[in-house]
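Below is one structure, written out as structure tokens, with a few remarks after it.
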Amino acid sequence: MFSVSSIVFIVIFFLSSLLFYKNCKRIFRNIQLGRSSGPFGDKFERWKQVFFIAFGQKKMFKKPIVAILHLFVYIGFVIINIEIVEIILDGILGTHRVLFSPKWEGLYKFLIDSFEFLALSVFIVCFIFLIRRNLIKIKRFWNQEMIGWPTLDANLILIFEILLMSAFLFMNATDLTLQSLSENHPYLQEKYPITGTFLISGFIVPFLDTISIKNLIIIERFCWWFHIVGIFGFLNYLVISKHLHILLAFPNTYYSNLKPKGQFNNMDVVTSEVKMMLDPSTDPFSQTENSINPTRFGVKDVQDLSKIQILNAYSCTECGRCTAECPANITGKKLSPRKIMMDIRDRVEEVGANLDQKGKDFDDGKSLLEDFIKPEELWACTSCNACVEACPLNIDPLSIILDMRRYLVMEQSAAPSELNTVFSNIENNGAPWQFSNSDRLNWKNDE
């Protein structure tokens, strides 16, 4: 028979897992709103990117101090959560430290010591990050798009991690205190087996000496429940916050663009038209209807984006490195690559909610272009790829900017007047300059 505590734990575990599954399913459905991407060749190179960029965080080491601090948080949180296995088993079975055995005491102690060292590291680093964000006020954390929820989101997760690490260390400290009291109180021996002192929590034990056994048990149980329920809550918080990158960093880097930066992608239909113009012998009727009449030139709304571009938006960490490196943003233009990715994610979520409520034929009268992203932002881009180079997850805001520009030019003829002049000159004169084709080589006659 399961105890009341075990039943409560199983219910919480089941509901948390179900909610996480539903949220992941919703995000996957939203990513599928985009156009098909691929094929994705060179698997070796892609897996190498996953290992070095997503797992090894290679691109973050351009700023080594911040990179090392972030690595402590990342590795610490991942490894500490290995202990969840024991906590889940204890919760279901109603046991305490079910994986501990006197036979493997050394190994068990080594693992807990490692977890505690990393927990303390995470605690310290998160505190430093809070100071950087809120007291030092690094500029990229205070751009216009970060006002409100994005800043609160970042602070909440740092505070939450500090509380989770504190609960973990105090849980172990009270456990150790109860172990030391079990010699004189036999009823504690079965519940709190002697494991030996732990690396960090052992230093907290002296501060708990004056607390009664009853209160120690209450503190230990509270910290245990807070730690595991907090982890379940954190798991579901991930999918509604920028911290989704913890999960999506790996597929995002795997599917990232392997082509040289600056290489543009041509639309197949445009390429086919140009080839037919250059080769009169080509049969125009051999082209498929879809290749001759595409649904849309460029991107107006999220359905015109590729699946990988939407995945990019969901993977964005909102760190602002792209915007901090953007020359347009530095010189006061409205363009912020981070805002572009945040706007896409917001619009995708809005479209997904409309699909759930109104069905696939809904029309909310809105679009990504104009309602979320203004042409002024797009035309400020210099196409320098600084944002792509700066992103620690290989996100490519430039590809989205260029696709939206393509829509403005090819469907709305809404390019800036300077570009329209260039287009006209190329069409009429075969060059971007305003002189006749016959005069193109006159420069060679100059002495």
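Only the coordinates and a few stated rules stand behind these numbers; no lab work does. Not measured: the values here are computed from a predicted model. Here Cβ is always computed from backbone atoms with ideal geometry, including for glycine, and neighbour counts include all displayed protein chains.
General remarks:
- Cβ-defined net charge surrounding Ala249, 13 Å radius [Lys, Arg +1; Asp, Glu -1]: +3
- Largest first, the three principal axis extents of the alpha carbons in segment 268-435 are 51, 43, 28 Å in whole numbers.
- Square roots of 5 times each gyration tensor eigenvalue, C-alpha, segment 125-229, largest first, Å: 39, 13, 9
- Amide hydrogen neighbours beyond the local backbone of Ile373, cut-off 5 Å, H modeled: none
- Here is the size of segment 44-125 from its Cα atoms: Rg then Dmax, 16.6, 48 Å.
- Pairwise alpha-carbon distances in the chain exceed 42 Å for 33% of all pairs.
- Of Ser37, Ser306, Ser272, the one that fluctuates the most in a GNM where the chain has Cα springs shorter than 10 Å: Ser272
- Per residue, the average separation of C-alpha pairs within less than 8 Å and at least 6 apart gives segment 268-435 a relative contact order of 26 percent.
- Alpha carbon convex hull of segment 398-447, projected area averaged over orientations, nm²: 4.9
- Residues whose amide H falls under 5 Å from that of Arg35, counting only those 5 or more places apart or on a different chain, are Leu305, Ser306, Lys307, with hydrogens built in the peptide plane.
- Residues Val78, Val73, ranked from the fewest to the most other C-beta atoms within 10 Å, line up as Val78, Val73.
- Judged by a Cβ-Cβ distance under 4.7 Å, the unpaired cysteines of the chain are Cys24, Cys126, Cys223, Cys316, Cys319, Cys326, Cys381, Cys384, Cys391.
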